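Report on the following structure.
The values are calculated or read from the model by the stated rules, or taken from the named source; none is laboratory data. A quick note: this is a predicted structure, and the numbers were derived from the prediction, not measured. Cβ placement follows ideal geometry from the backbone for every residue including glycine, while neighbour counts extend to all protein chains displayed.
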Amino acid sequence: MSRWRESGRAVPSWVVETLGVLPAWVTARLLVAVGWLLAHLIADAETPHALERGLLAWDGDWYRSLATHGYDGVPLEGVRFFPGYVLLGRAVDVILPGGVGTALVVVSNVGTLVAMVLLHRLVVLETGDRRVAGRAVWALALFPPAFVLAWAYAEGPFLALVIGCLLLLRRERWWWSGLLGLAAGLLRPTGALLAVAALCAVWRPSGRPDSLLGRVAAVGGGPLGASAYVAWASLHFEQAFLPITVQQDLRGDPIDPLRRLLRGFRDLFGPDGLSDGLHVVAVIGLAGLLVVLFRVWPLRYGVFAAACLLVALGAENLNSLERYSLNGVPIVLGVATLAGHRRLGGAIPLASGVALVALSAAAWLGNYVP
């Protein structure tokens, strides 16, 4: 960067921001590699596991099949995966060697890097404090289920779009926020939940002249994107609401989140204590983070994160609950706030990093559903 200064040219802000978040991004990927090595050391050769699939394990295998064969070339269950990530993978595959699997991994990891840059910008805009922004970036990088941000999962580009949408809502750029919300809805069904964050943003008085139509677009973008895919799939396969019904077949019928949580408490002391019971422990921690989020940060961040958690909790099957909570990415702002306390500043990143390694290893071994 000194060469830039000597030549009289300013360093582009995006370069500075990217270099600033790069240590967190690299560290997270090194920890995922540690998880892979740990899984290799533990793995039983006679027990089926996902190690041989590497970064294309679990949902990554589905995304690769969809990108290669399309929705008509995979089992009907594949319709539950929204098309945005598949289309991005195909587009990158055209220009990048290595096949569609490589393209999907690149899209995921580059999307995560963009998400971290945008998160840094958002926190600086909200607080004016770059230290808090740095803690938020590290909180996202080390969030225990964030190992999927290195895998061929849709979460990387999805979080980039979500944070970009939240940033534009903060700047009152209603039309652009609606466009990013629409794109997020095409990547993940939880993109529709951006409507609750947008409602909080457009409801308050604005300091700039704008149209009612722009505010409506900001609120409706996410639901429109998700609904567009559900409508297409329903017409294409001639089954109404097919992506939703297929997902229900796997996760069970909708259930009152409070009832499901209470049942999970009972599971802690039963034969399912190491499965659903542990998800409930995660919910307790996430609920604590939500309290911090609602107390310290603007309302729109708390309601979006809470909506994502409630949707994840409102099903019989709690598998992947932690990853679904990551979709409500403002939850990491609660982590960043807690990490700012002197007594917790070192313990939180350490505990998060250890949990990330453990969850990634467990996922490769087939003991945890990411």
Condition check for Ser211: at pLDDT below 95, over 19 Å from Ala315 (Cα atoms) and more than 23 Å from the chain's Cα centre (by Cα): yes
From Phe143, Phe158, Phe147, residue being under 24 Å from Ala312 (Cβ atoms) and in contact with a Lys or Arg (Cβ under 7 Å, 6 or more places away or on another chain): Phe158
Leu224, sole failed condition from (1) in a helix (DSSP H, G or I); (2) without any contact (Cβ under 8 Å) to a residue 40 or more places away in the chain: (2)
Residue within the stretch 244-257 that is over 23 Å from the mean Cα position of the chain (by Cα), of a type in the set (S, T, N, Q), more than 30 Å from Ala115 (Cα to Cα) and at pLDDT 80 or above present: no
Every residue from the stretch 315-333 that is within 16 Å of Cys165 (Cα to Cα) and β-branched (Val, Ile, Thr): Val329, Ile331
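Does Gly134 qualify as being part of a helix (DSSP H, G or I) and within 18 Å of Gly185 (Cα to Cα)?
Taking the combined requirement at face value, the residue does not satisfy it.
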One residue from Ser13, Ser65 being under 21 Å from Leu186 (Cβ atoms) and among the polar types (S, T, N, Q): Ser65
Wholly within the stretch 1-119, helices (runs of 4 or more DSSP H) carrying at least 2 residues that are loosely packed, with under 14 Cβ neighbours inside 10 Å and modelled with pLDDT of 95 or more: 13-42, 84-95
Condition check for Leu119: under 30 Å from Pro298 (Cβ atoms) and touching a residue at least 60 places away in the same chain (Cβ under 8 Å): yes
Unmet requirement for Tyr153, which otherwise passes all of (1) part of a helix (DSSP H, G or I); (2) more than 20 Å from Leu299 (Cα to Cα); (3) touching a helix residue (DSSP H, G or I) at 6+ places or on another chain (Cβ under 9 Å); (4) not hydrophobic (A, V, I, L, M, F, W, C): (1)
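So that you can scan it fast, the table gives a plain yes or no per residue for (1) in a helix (DSSP H, G or I); (2) of a type outside the set (S, T, N, Q); (3) without any contact (Cβ under 8 Å) to a residue 40 or more places away in the chain:
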| position | (1), (2), (3) |
| --- | --- |
| Val148 | yes, yes, no |
| Gly164 | yes, yes, no |
| Ala195 | yes, yes, yes |
| Val202 | yes, yes, yes |
| Ala217 | yes, yes, no |
| Tyr229 | yes, yes, no |
| Ser234 | yes, no, yes |
The stretch 236-259: number of residues that are part of a loop (DSSP other than H, G, I, E, B) and in contact (Cβ under 8 Å) with a residue 12 or more places away in the chain: 4
Which listed residue is among the β-branched types (Val, Ile, Thr) and without any contact (Cβ under 8 Å) to a residue 60 or more places away in the chain, from Val86, Val32, Val79: Val86
Where a residue in the stretch 297-308 is touching a residue at least 60 places away in the same chain (Cβ under 8 Å) and assigned to a helix (DSSP H, G or I) and its partner, wherever it lies, is buried (at least 20 other Cβ atoms within 10 Å of the Cβ) and aromatic (Phe, Trp, Tyr), with Cβ under 8 Å and at least six apart: Cys308/Tyr324
Residue among Leu321, Leu326 that is crowded, with 19+ Cβ neighbours inside 10 Å and at pLDDT below 95: Leu321
Entirely in the stretch 316-370, the helices (runs of 4 or more DSSP H) that have 3 or more residues that are touching a Leu at 6+ places or on another chain (Cβ under 6 Å) and under 22 Å from Leu38 (Cα atoms): 347-365
